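The values are calculated or read from the model by the stated rules, or taken from the named source; none is laboratory data. Model, not experiment: these values are computed from the prediction. Every residue, glycine among them, receives a Cβ derived from its backbone with ideal geometry; neighbour counts consider all protein chains shown. The area values use the complete protein model at the heavy-atom level, side chains included, leaving out ligands, DNA and RNA. Shrake-Rupley method; radii C 1.70, N 1.55, O 1.52, S 1.80 Å.
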Amino acid sequence: MKSKKIHISNASNTMRQWSELPNDILGLVLKRLPLVFDHIQFGCVCSSWHQAMLGNRRWMLSRRQLPFLMLPDQERSQIRQFFSLSENKLSNIRLPLFNGKWCRGSSKGWLITIDERSKVHLLNPFSKIQIELPSLDKFPHPQYRTNPDMPSDYEYMYKAVLSANPHSTPNYIVATIVTNMSRMSFYKPGDETWTTLETPWEPFQDVIYYKDKFYAIGHRGAVVMCDFASTDFPKFTVVTPEPPSWERNDKIYLVESAGELLKVIRFYDWNPELDRYYGVDYEGQDEDGRLLLRVYRMENNPPPDWFYRTVMFYVFQLDQNTRKWIKVQSLDDRMLFLGYNCSFSLSANDFPQCKGNCIYFTDDNEDATRCVDNGVFNLEDGSVRPCYPNSTSWIAKPIWIEPTLW
């Protein structure tokens, strides 16, 4: 029996044949693509492949993925670069909705953005879906500008965390740390304004969603639980009080790891030449008696090559019975991801290209104008290595984001 030859007359016929593949065949192909970014590229081939990708995206929900590192935008371009830990390479994603916006957090695959008109949005960079939130003028407290190189709107919101993926439920809550007072603020769908709370535990340094509750940690170490279950107004419960004596720290994080609540303390080495580059003026006090300081640059002095660098992390686990923090000597196979993102952990056993017992961190320090402090800290030997080449030209900060199409 002679084989029949198929002649392809032109490229349009080739594309038409690929676009007419049955959905069940396309579904089998998608299940052999392990990465969300592969699914995105698959969906860019043609409209029928895009619909097949959307129809199979629920399958990706069962596959926890390594995060991408979204790099700062330097040219106000519609193209954003994402560094993949899985493949150790850069990929480009076209994001016209991100043009002219700053990213102020990531949670459950969504970015929290602020634009030049003080508009606030949730944006999924992989599904290209955007949700509008109340703008910055819907917060009750003003912002006092501290960084002369950035717009004051950029600094208003420090971190934002979702209780659930907005695609999964309409009953999600956004919790964020706002203003230079580092207060807690909340939004629920249907609210026209943000609810900002004044508490005795501020300024807050971090907030996460853990076991169906928000947990926040103050600068002096107190951890409080915020429960929305009973009323529209959150009920605060002290989980661990402030320690009797204040311990030095440069940054504190909360993170869930294998079901346990961890406290992670980050320590910096500050460049002593900073005193020659920055000056500080006293401008009085606010209504709460806090000092108002203005930071300015000394124009005649060039900036140092580096401002600060991370040199150490301490990790503690909460004993659920005694409510005391126990120092952790090893994370075993766990990896922690810290920065402007909502802190999270993964098992290195699921990702052989990564190393367990390590903390992957990004620069989230608001007090400096150059981003050069990103890396991987090894808890076993105390070493720090880069996870991606740093750039002194970065002003905005890179951020971890867990990829999701849903």
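At-a-glance table
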| read-out | value |
| --- | --- |
| Net charge of neighbours whose Cβ lies under 12 Å from the Cβ of Asn378, counting Lys and Arg as +1 and Asp and Glu as -1 | 0 |
| By average C-beta atoms within 10 angstrom, highest first, the peptides 94-100, 39-45, 322-328 | 39-45, 94-100, 322-328 |
| Contour excess over end-to-end distance, with Cα ends at Phe233 and Gln130 and 0.36 nm allotted per residue | 34.4 nm |
| Accessible area of Tyr388 in the full protein assembly, 1.4 Å probe (Å², nearest 10) | 40 Å² |
| Ordering of 372-378, 19-25, 346-352 by burial proxy (mean other Cβ atoms within 10 Å per residue, highest first) | 372-378, 346-352, 19-25 |
| Sequence-distant lysines (8 or more away, or on other chains) whose Cα lies within less than 20 Å of Lys235 | Lys188, Lys211, Lys213 |
| Among the listed pairs Lys119/Lys159; Lys101/Lys159; Lys263/Lys327; Lys31/Lys108, those beyond 19 Å (Cα-Cα) | Lys31/Lys108 |
